[in-house]
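What follows is a single structure, written as structure tokens, with notes after it.
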Amino acid sequence: MNGKLHHIELYVDRLAEAREFWGWFLGWLGYELHQEWSDGFSYILEDTYIVFVRVAEKHRGLPYHRCRPGINHLAFHVDARSDVDRLTAELRTKGVTILYEDRHPFAGGEEHYAVYFEDPFRMKVEVVAETQDSIRHPQTSDEL
């Protein structure tokens, strides 16, 4: 048994917008398009994949909010601080909201070099540079 994450499935109500944003971002991280069908798509990196599915009409209407019960955010590794810096510049160019701008890139603490931002549906995404201390848990989500 290894416990490694197999996949994540996210429901979205604007599939084309999700594909544009997440396709760019996951491609930037090295993911490749894995599957595509009329109501969804997935991207894969090694043996972990992320699936995006158009939510059924009967379940639309209640907007996502990361502070409600459920998933708060997704966090991804990058190799170096320069990767975080390069991504941050590209996100700004695309007009993506950078969270905790006043504390960037140390919003998670002095040894936690990361960028936090929102996808088009306001899901928080974190990209953290690998350092010896990045394995520790950053500040709690209540603080961020």
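Odds and ends about this structure:
- Length-normalised contact order for the chain - Cα pairs under 8 Å, 6+ apart - percent: 21 percent
- Free of any trypsin sites (Lys or Arg not before Pro) that DSSP assigns to a loop and that have at most 16 other C-beta atoms within 10 Å, the longest stretch within the chain is 15-59.
- Were the residues from Glu101 through Arg14 laid out at 0.36 nm apart, the gain over their Cα-Cα distance would be 28.6 nm.
- Kirkwood's formula applied to the C-alpha pairs of the chain gives a hydrodynamic radius of 16.2 angstrom.
- Acute angle (nearest 10 degrees) that the helix 81-93 long axis makes with the longest principal axis of the chain, alpha-carbon atoms: 50 degrees
- Value of [θ]222 nm, deg cm²/dmol, for the chain, DSSP H segments ≥ 4, -39500 (n - 2.57) each, nearest 500: -6500 deg cm²/dmol
- Of the GluC sites (Glu not before Pro) found in the stretch 2-107, those in coil by DSSP whose Cβ has at most 11 other Cβ atoms within 10 Å are Glu46.
- Across the options Ala75, Ala16, Leu26, the greatest Cα extent toward the positive end of the charge dipole of the chain (unit charges at beta carbon of Lys, Arg, Asp, Glu) belongs to Ala16.
- Estimated dipole of the chain in Debye, rounded to 20 [Cβ of Lys and Arg +1, of Asp and Glu -1, Cα centre]: 500 debye
- Cα gyration tensor category, rounded, prolate or oblate, for the stretch 1-56 with a/c compared to 1.5: oblate
- Compared with the dominant Cα axis of the chain, that is its longest principal axis, helix 15-29 is turned about 40°.
- FRET efficiency for Lys4 and Leu33, using Cβ-Cβ distance with R0 set to 25 Å, rounded to 0.05: 0.70
- Paramagnetic label reach from Leu74 (point 7 Å along Cα→Cβ; backbone nitrogen cut-off under 16 Å): within the stretch 1-16, residues 5-16.
- Sequence-separation-based contact order of the stretch 1-56, relative, with Cα cut under 8 Å and 6+ spacing, percent: 43 percent
Each reported figure results from applying straightforward, stated rules to the coordinates on display, with no laboratory input. Keep in mind that this is a model prediction, so the values were computed, not measured. Glycine gets a Cβ as well: all are built from the backbone with ideal geometry, and neighbour counts include every protein chain shown.
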